Amino acid sequence: MAKTSIKAHFDGKQIVLDEAAHLEPGEKVIVRRISAESGNTYSVKETNPAYDSAKSSPPVTKEIIKAEIDMIPDEGLPELLDLIKRMAAQERGRQADSLLLSLQQIEIEGPKDFSTNLDAYLNGEKELP
């Protein structure tokens, strides 16, 4: 479905279209606020199938996320990039925590002096019991 931009304004209670639109009753639209510097204009777009599927089904896909990103004005992209970088760093931290937890659960059987005399055990100077 093609995207259509329609000028509108907020009257204090609801968004009012400034021009005729061919919308069916109950048809879903996405409203995006443009920055105040551009005159508090609003953009009303036709239904975005990727957005609709996100509302009706639990799985989130990269396609749905990309559709949402496309709705963000260019001025908002640096803030979005910072958010993505913070989320990626948190995920890396969780993965590191998970790795450390996994390593803590490893049990190695060996003599008490194994770590101190590792070289001796590896080159055969000492034998494992």
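The values are calculated or read from the model by the stated rules, or taken from the named source; none is laboratory data. In this text, all values refer to a predicted model and were calculated from it rather than measured experimentally. Neighbour counts are summed over all protein chains in view; Cβ atoms, including those assigned to glycine, are modelled from backbone coordinates with ideal geometry.
So here's what we get for this one:
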item	result
Residue check, LEU122 over 22 Å from VAL31 (Cα atoms) and modelled with pLDDT of 85 or more	yes
Counted residues, the range 84-129 - those being under 30 Å from LYS66 (Cβ atoms) and charged (D, E, K, R)	6
Only listed residue being modelled with pLDDT of 85 or more and assigned to a helix (DSSP H, G or I), chosen from ALA50, ALA54, ALA88	ALA88
